[in-house]
Amino acid sequence: GKVGDLAAVETVIDTMSAGNVALDEGVYGELIVGGLVNGQTEKAVKGIKERGASLKEVHRIEALKEALLRKVGEAVKLLVKLFPEDVLNDPSIDPVFRNLCTELLQLERYETVRTLLNELPVPKFSLNENQDSYGVSIIFEMVKQNVPLPELMKMVNFLIKTERNSRALHVACDCAAKSRIEMYPKLLEILREQEDLRPHYFWPLIAQSFTKQGESGVLDVLKLMQRTKTEADAETLSVFVLPKLSVTLKDVRLALKQFEDRGIRIATLMTPFVTHLLYQNRFEDVSRVTKLYPAKLNTESLIWPLVLQATVNKSTANFKSIAEVVRALQDKAQDPKHDLGGQLLMELISNKKSKHDQGSIKALLTQFERHQVQISRMCVNVLKTHFAKSKRIDAEVDRLLKVLQDEKLTLPSKELFDSIIVHPRDMTYDELECHLNELEEKNLNTRGVLRRLLQLCVRENRLDRAVIIKEKCDQARVELSSGMLASVFDLHIKRKSVDEAGKTLEQIRTTFPGFLVDDHKIIDYAALLAESGFLPNARKILKQRASAGLRPGNANRNIWNLLTKTAQWSAQSEPTSTKNHTADLLNFLVDLNYCTHDNTLLGPVIREHLLKNQTQAALASFKRIATELRRTPLQLEIFTTLVKLTNSNDPQIPPDQAKALLADLIAITSKIHGPVNTNNTLIVALADAGTEPQLRRILMNPETRVNHEYILTQCEFLVNAGKLNVVLRLAKCARGLANVREADFLAVIMKQYVRDNNCEAAVELFNRLQADDAELKISGDFARKLIDLLEVNSYDVPAEIRLYAK
């Protein structure tokens, strides 16, 4: 029927009737669609009336489309009524009709779309329902397809007049701003005929115009705003316009003239314009602009660029420029009583990021005096307190503050509150303790300080004091928030109180079921449980926390501690067991997305075998991990163990077997880290557990390439671990070699002693080197560093050391 062969249709129907084959709804649907396609509208309408209710949805939609395309109004009305009520009354147009409208739009049948929408009931919105949603998808599709503007406006006007969407024009503007910016200005001009435009309507246009046309595009948008009688506000200018006009703003007088030509009043422009210049450190231009134009400035808005410029450059020249500008700005302030200079100073001393010391504040005060910048009495009092705290107030500062004080100037009330009263959350531990004592003496409310002090003491590991503060909280009946309970939980973990930590965690879950304890605290609690032998409980806690979501890789140090505690517990409680509890727990954590098979985290897996004296199992695990995961945990320790076995007569692993194992592991790790780094690890292992001839032989081998930095880094770890002899042996065997320098090894040791201020150990090392019959040479540089260390710590310098320094 769809191809117009009506005779064939009749033949098929006659054949079906002769064979007693009933016509089902699918056949009737095809007949109705075919009738509409072939112009048999009366027959199609009759079929809809008789069989419409039984039609499948696919045939309803297809028949509706054909009826719409052929303008069969009666069929359209009948077919629309066949759809369910919830589909017809959907306030945002049901997807069934939405998709049909899209198809019609693609065929450029715009009037047909309006016909369909007209047959749908007018939507009824509740009070809280979005009333802009009706027809949005249709408008968006028309804008996206770049439909001629008259056709788009017909659709918009139709939606407004039929009360389907009173904001259809706004929706069209929004769609154009997002997907068809070239259509946007025309729509804005149409919208201007109905209402006054707001500056933020032009923000997308400014952004797009700048991307396509640069600065000229931005200026064109300002011209459009003038044409539509929309004045740019301060936010539009400071955020969207001025930052994009770097070339235009090079000549400030010309730039201001261009802005005036585009209808922007100087009174509106001046404050954001000056703010922008201050951010760019263009102090001379600021002075020039304020002299040329009489417009007043909102000086409170200028404080942050001044703070920035005073922070990034603390030179005298910069402070001089700032003082000059502050003076010029005060003369043009909308509020002549506003203490701009004082507010700047108070921001600098209260803002921790500015890092201004008393010296820089004094230097700025000196420049204020030279340029006659006055400050309010309240600011003077705050500065006196600030200087008194650091015990840096002197006669000159006192004189400056007296000279600069002006009784007429005032500060904003918020600024006074913020600068004078420091909130407990911004106090240091010592300040909190002083504040607590003061409140207790005056019998005032201490709860806020106690809350902050408890959390700070736990974070800084002042555990004994934290216990006392917790008791004070209980006595004062301080209501514990979720964050405070988390701190108490952390306190019990750090004090290794397993039962108390468990009770607190249960209290958090009961009182604040939606609160998530930080995953690193849960991991620390699991480590405490593992250390106490409650490994199943630790797994249960970890699994519960993982179900709420994690951020992998955030707590690797805590996970390493958990795995290490597990290895230690396993070695103590099950020293003969071949089961590796640490490996099982690591796999469990990986499965829960706490971490990955990181090299550091695999270390405790090997450690458990070593703690149990299961050397062969440790070697087998290392080999498996290196082969399967390309990780080498405790590589130096494994190499050192094998080197030690090659020089001993261990019955479990004889020297020949140890040499074979070492050669095997060297080959495997060379594929991962390369032969150079692997050989360097072997060198350090030989220094620790091998013989001097073995070490000297590998160092003298011309094929051995030494990564000097790598070996020195390993030596730093050895010194920290107290293995001084290993580093000295390396230095001794390196004598006379070109690829390694003995002095560098001694420098590593001295560097560690200097870091620790360990004078006794440093002198002991000097005496030891002296007594070794010149096996290791004491360099002048070594002696000078030793003398510096001793003198800094007021330690007597032996005369022999001074001789070496010369």
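The values are calculated or read from the model by the stated rules, or taken from the named source; none is laboratory data. Here the structure is a predicted model, which means the values were calculated and not measured. FYI the Cβ positions are ideal-geometry reconstructions off the backbone, even for glycines, and counts take in every protein chain you see.
Return yes when Cys733 is touching a helix residue (DSSP H, G or I) at 6+ places or on another chain (Cβ under 6 Å), under 20 Å from Asp781 (Cα atoms) and hydrophobic (A, V, I, L, M, F, W, C) and no when it is not. For Cys733, the condition - touching a helix residue (DSSP H, G or I) at 6+ places or on another chain (Cβ under 6 Å), under 20 Å from Asp781 (Cα atoms) and hydrophobic (A, V, I, L, M, F, W, C) - is not met.
Is it the case, given these coordinates, that Val252 is within 39 Å of the chain's Cα centre (by Cα) and over 18 Å from Asp331 (Cα atoms)?
Answer is yes for this residue.
It is to be established whether one or more residues within segment 322-343 are modelled with pLDDT under 85, over 16 Å from Leu278 (Cα atoms) and either of a type in the set (Lys, Arg) or part of a loop (DSSP other than H, G, I, E, B) (or both). No: zero hits.
Go through segment 637-679 and give me each residue that's crowded, with 23+ Cβ neighbours inside 10 Å and touching a Phe, Trp or Tyr at 6+ places or on another chain (Cβ under 9 Å). Listed by number, the residues that qualify are Ile638, Thr669.
Contact map, segment 507-531: first residue at negative phi and in a helix (DSSP H, G or I), second residue at pLDDT below 85 and hydrophobic (A, V, I, L, M, F, W, C), Cβ cut-off under 6 Å, separation 6 or more or different chains; pairs are Asp519/Leu550.
Pairing residues of segment 711-724 that are over 14 Å from Tyr753 (Cα atoms) with residues that are of a type outside the set (D, E, K, R) and not in a loop (DSSP other than H, G, I, E, B), at Cβ distances under 6 Å and at least 6 apart in sequence or on separate chains, gives Ile711/Asn680; Leu712/Val748; Gln714/Val684. Count of segment 778-806 residues, restricted to those that are of a type in the set (Lys, Arg) and surrounded by 14 or more Cβ atoms within 10 Å (Cβ to Cβ), is 2. The number of residues in segment 49-73 being more than 24 Å from Thr102 (Cβ to Cβ) and surrounded by 13 or more Cβ atoms within 10 Å (Cβ to Cβ) comes to 3. In segment 786-801, the residues that are under 11 Å from Asn757 (Cβ atoms) reach residues that are part of a loop (DSSP other than H, G, I, E, B) and of a type in the set (A, V, I, L, M) with C-beta atoms within less than 7 angstrom, at least six apart or across chains, in these pairs: Leu790/Val797. Pairs meeting the criteria (first residue in segment 227-241 and within 19 Å of Leu191 (Cβ to Cβ), second residue among the β-branched types (Val, Ile, Thr) and surrounded by fewer than 20 Cβ atoms within 10 Å (Cβ to Cβ), beta carbons under 9 Å, at least 6 apart or on different chains) are Glu231/Thr268; Ala232/Thr268; Asp233/Thr268.
Among the residues of segment 742-764, is there at least one that is buried (at least 19 other Cβ atoms within 10 Å of the Cβ) and touching a Pro at 6+ places or on another chain (Cβ under 9 Å)? Yes: segment 742-764 contains one or more residues that are buried (at least 19 other Cβ atoms within 10 Å of the Cβ) and touching a Pro at 6+ places or on another chain (Cβ under 9 Å). One residue stands out in segment 217-255 among those that are crowded, with 20+ Cβ neighbours inside 10 Å and hydroxyl-bearing (Ser, Thr, Tyr): the one that is farthest from Ser287 (Cα to Cα), namely Thr230.
Scan segment 680-715 for residues that are exposed (fewer than 15 other Cβ atoms within 10 Å of the Cβ) and either in contact with a strand residue (DSSP E or B) (Cβ under 7 Å, 6 or more places away or on another chain) or assigned to a helix (DSSP H, G or I) (or both) and report the count. So the answer is 7. Among the helices (runs of 4 or more DSSP H) confined to segment 24-79, the ones with at least 3 residues that are charged (D, E, K, R) and either in contact (Cβ under 8 Å) with a residue 12 or more places away in the chain or within 24 Å of Asn118 (Cβ to Cβ) (or both) are located at 41-51, 57-69. Scanning segment 509-529 for residues that are of a type in the set (A, V, I, L, M, F, W, C) and crowded, with 20+ Cβ neighbours inside 10 Å yields Val517, Ile522, Ile523, Ala526, Ala527, Leu528, Leu529. Can you find even one residue in segment 606-618 that is in contact (Cβ under 8 Å) with a residue 40 or more places away in the chain, more than 17 Å from Gln635 (Cα to Cα), in contact with a helix residue (DSSP H, G or I) (Cβ under 8 Å, 6 or more places away or on another chain) and not β-branched (Val, Ile, Thr)? Yes, that holds for at least one residue. When Ala571 is tested against (1) assigned to a helix (DSSP H, G or I); (2) of a type outside the set (Asp, Glu); (3) out of contact with any Asp or Glu (no Cβ under 8 Å at 6 or more places or on another chain); (4) at pLDDT below 95, exactly one condition is not met: (3).
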